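As structure tokens, the structure follows; a few thoughts come after it.
A short reminder: the numbers here are calculations on the coordinates, not readings from a lab. All values reported here derive from a predicted model rather than from experimental measurement. Neighbour counts are summed over all protein chains in view; Cβ atoms, including those assigned to glycine, are modelled from backbone coordinates with ideal geometry.
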Amino acid sequence: MRKTKILKNPPAFISYASAAGYEEHRGPLGCKFDFHDETDLFGSDSWEKAEGELAHTVLSLALKKGGISEQDVEVLFAGDLQNQCVASSSGLYNFGIPYLGLYGACSTCTEALLLSSLYLETSEGDTIAAAVTSSHYCAAERQFRTPLEYGGQRTPTAQWTATAAGAFLLGRKESGVRITEIMPGKMIDSGICDASNMGAAMAPAAADSVFALFSDEKHDISSFDRIVTGDLGDTGSFFLHELLSKDGIDIRDKHEDCGLLLYDRNAQDVHSGASGCGCSASVLAAHYLPMLEKRELKKILFMSTGALMSPSSVQQRIPIFGICPAVVIESD
Amino acid sequence: MYSSKEYAEHVKKTSPRSPVLKNSVKAFFVGGAICALGQALFFIYLNFADEKEAQLFVTVTLIAAAAFLTGLGIFNKIARFAGAGTLVPVTGFANSVVSPAIDNKKEGFILGLGPKIFTVAGPVILYSVLSGALYGIILYAVEVFKKLS
Amino acid sequence: MEIFIKIATAFLVGGAICFAVQIVIDKTALTPARILVFLVVGGVLLGAVGLYDKIYSFAGCGISVPLIGFGGNIAKTVRESVLSSGLSGIITAPVTAAAGGIGASLFFAFINALIFRGRPKRISGKKKNPQPESF
């Protein structure tokens, strides 16, 4: 039976920052982001470089907010959606922080937080670990779908890759917001080959993680203030609730999805909702962590969802595998 | 619990669908308007060209217009609304050639723009030429057979 | 008057084709590239069985502006050239017939690639949210 790992030295969020693009700034969380850029270019001249700049900006902001120098950060876990994660490597190399690149599709934010906590579990003193994830609509669109000027309609289940990033610095702190438990996710074969229905492809993985967590008697749905999924969107959330109801679990009162928070779906034509590594990262940094810090929330379950696939795997009809790692975040 | 196959079937059935009728009506009006515009241009061009040339000029004009609108970033807005209305006329073909050209300029004119310009145009050219050649072979065989008998 | 009827016919026939294709797209989730290939091959087929010319004489641009016209034109050129010059027409005629559309597309694509740069799709208005206070 899969269980959460309870951390002996639960690390605290020392600092965190978020940054976003044009559309995200016009969404409901718009004014909460630490930084946004109207051109989506972040001062560079291509979309791929722009995502690197976005990751760079967000880590700089987190360091600045925490008053921390990059020399004090011992390790950097980072990832994005571009081929071979070049946005993270090209954007973050000049910090000179030892780097571990990650790919968990849109689940990378939770993956990075999970690994940072594990790293800190084995270190002593004032060690600081950084987790950064980013995504960029234009870079992802070019790589996974069609050129930007290409004219076409999208299905109602399609999602909009967020141009956003979040950076988190974890370390030791007397009191504050901490990651107390971690649980990696199983890869679940959704059987779905339709790349424009990723919410539905990720829902079984999210259901599996929620089920594993709450079949452990030490967890109780009522002890959580929120159960936050990454980017299931409208369609994916529907299937998550449906799958869980078969197991007799109802999380609808507590469930929120970052993909549904980032945009105003009535005014912004994003179909099922937001997606991307930067979606859950920016919503955690801009929305949930400030609420936890102000004690408006006590304890949340944070689980970014990822759809593991590539343009070639979809063309070869290899099904999309969902993944959903989870971390428990508490304020004390 | 579902097996993954059952789940995929269930998702296919239950996921929200595109509003087919609304989309089709929009496609009808936009697509029809583009064809009507083509016909009007055809009559104008007939004043100084023969029928074959006029038809070619119509195609070229529509391609040029679609290409320019693509460059301005207007075409994809129209296409989001019109769907097949802009895809089916020659404008859709033009957009599928122009958009990767603009998009892949950053990877270089030879190895970026060069191959990517054919992403959609490539299959269209390949299979139209192939099916044309196949028709030619059949036609030729029939002609030879006629002469022999 | 005759001109007006011809334009109206083109509108109705062209619109009907788009209407039908939209239903196919929404029902089958075929990608646009596949749709375009099917249209052009379908055009060759229509031309080969002699239907294309009949529809064209009645609907004009209603059938020739949709990509079906591309295929219909190929079939027509192949027929003429195989009947007049034999074998060599099989190889040259399809490309010759497609030359106009391909040439124009490539030419204007390159020109526009020189002039324009990629820009992000926008789905929201210009109105800004208030800026957060700087720290």
ask   = Which residue, A:235, A:127, A:57, tops the fluctuation ranking in a GNM of chain A built on C-alpha contacts under 10 Å?
value = A:127
inquiry  = Just to check I understand the Karplus step: with θ = phi - 60° and J = 6.51 cos²θ - 1.76 cosθ + 1.60, what whole-Hz values come out for the stretch A:225-230, glycine and proline as x?
reply    = 7, 9, 10, 10, 9, x
message = As a test of the formula, what do you get for the protein assembly as shown when each DSSP H run with n ≥ 4 contributes -39,500 (n - 2.57) and the sum is divided by the residue count, at 222 nm and rounded to the nearest 500 deg cm²/dmol?
response = -16500 deg cm²/dmol
key: Local net charge near residue B:19, Cβ-Cβ under 11 Å (Lys/Arg +1, Asp/Glu -1)   = +2
key: Among beta bridges that DSSP assigns inside the protein assembly as shown, antiparallel share in %, nearest 5   = 60
key: Top of A:272, A:237, A:90 by mean-square fluctuation, Gaussian network on chain A, Cα under 10 Å   = A:90
inquiry  = How large is log10 of I(q)/I(0) for chain A at q = 0.11 Å⁻¹ when the intensity is taken from the Debye formula with one equal scatterer per alpha-carbon?
reply    = -0.61
message = Quick query: amide H of residue A:305 versus all other amide H atoms, modeled in the peptide plane; which residues come in under 5 Å with a sequence gap of 5 or more or a different chain?
response = A:230, A:231
inquiry  = Can you compute the charge dipole magnitude of the stretch C:2-113 about its Cα centre, using +1 on each Lys and Arg Cβ and -1 on each Asp and Glu Cβ, nothing else charged? Give it in debye, rounded to the nearest 20.
reply    = 120
inquiry  = As an exercise, use a Förster radius of 41 Å and the Cβ-Cβ distance of residue B:138 and residue A:242 to find the FRET efficiency, rounded to the nearest 0.05.
reply    = 0.15
query = Excluding same-chain residues fewer than 8 positions from residue B:147, which lysines have a Cα within less than 26 Å of its Cα?
reply = C:76
key: residue C:49-residue B:49 pseudo-label distance in nm [points 7 Å out on the Cα-to-Cβ vector]   = 3.1
remark   = Under the Karplus relation with 6.51, -1.76 and 1.60 and θ = phi - 60°, whole-Hz ³J(HN,Hα) for the stretch A:262-268, x at Gly and Pro, equal 6, 10, 8, 5, 6, 9, 10
query = Which of the listed residues, A:230, A:291, A:214, is farthest toward the dipole's positive end in the stretch A:177-331, when Lys, Arg count +1 and Asp, Glu count -1 at the beta-carbon?
reply = A:291
key: Of A:243, A:280, A:188, farthest towards positive along the dipole that unit charges on Lys, Arg, Asp, Glu beta carbons give the stretch A:177-331   = A:280
query = Using the alpha carbon gyration tensor of the protein assembly as shown, what are the three equivalent-ellipsoid semi-axes (square root of 5 times each eigenvalue), largest first, in whole Å?
reply = 53, 25, 21
note = For chain C, the Cα gyration tensor yields equivalent-ellipsoid semi-axes (√(5λ), largest first, whole Å) of 40, 21, 16
query = Tell me, what are the semi-axes, in whole angstrom and largest first, of the equivalent ellipsoid of the stretch B:1-129 as set by the roots of 5 times the Cα gyration tensor eigenvalues?
reply = 34, 23, 14
query = FRET efficiency for residue A:65 and residue A:180, Cβ-Cβ distance as r, R0 = 25 Å, nearest 0.05?
reply = 0.65
query = Do you know the relative contact order of chain B, to the nearest whole percent, from alpha carbon pairs under 8 angstrom that are 6+ apart?
reply = 19
ask   = Could you put C:1, A:198, A:303 in order, starting from the residue whose Cβ has the fewest other Cβ atoms within 10 Å?
value = C:1, A:303, A:198
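For peptide A:133-142, what's the mean number of Cβ atoms from other chains within 10 Å of each residue's Cβ?
Going residue by residue through A:133-142 and averaging, the value is 2.
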query = What does the charge dipole of the protein assembly as shown about its Cα centre add up to, to the nearest 20 debye, if the Cβ of each Lys and Arg holds +1 and the Cβ of each Asp and Glu holds -1?
reply = 1620
Over 24 Å (Cα to Cα) - which of A:65/A:186; A:186/C:27; B:77/B:116; B:105/C:121 fall in this group = A:65/A:186; A:186/C:27
query = With the dipole of the stretch B:21-98 worked out from charges on the C-beta (+1 for Lys and Arg, -1 for Asp and Glu) around the Cα centre, which of B:37, B:55, B:83 lies farthest toward the positive end?
reply = B:83
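Considering only DSSP beta bridges with both partners in chain A, what is the antiparallel share in %, to the nearest 5? Display every interim value, and only then the final one.
Details: 33 of 55 bridges.
Antiparallel bridges: around 60 percent, rounded to the nearest 5.
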message = Looking at chain B as a GNM with Cα springs under 10 Å, which of B:23, B:76, B:47 has the largest mean-square fluctuation?
response = B:47
request  = Within a 10 angstrom radius of each residue's Cβ in C:1-14, how many Cβ atoms of other chains show up on average? Whole number is fine.
outcome  = 5
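Once the Cβ-Cβ distance between residue C:122 and residue C:31 is put in as r, and R0 is 25 Å, what FRET efficiency do you end up with, to the nearest 0.05?
FRET efficiency, residue C:122 to residue C:31: 0.55.
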Exposed-site-free run, longest, chain A (rule: GluC sites (Glu not before Pro); DSSP loop; at most 13 other C-beta within 10 Å) = A:39-123
note = The simple spin-label model distance between residue A:74 and residue B:110, using points 7 Å out along Cα→Cβ, in nm, is 5.0
note = For peptide C:66-73, the mean count of other chain Cβ atoms within 10 Å per residue Cβ is 6
task = Quickly rank A:59-66, C:112-119 as a protection proxy: mean count of other C-beta atoms within 10 Å, highest first.
result = A:59-66, C:112-119
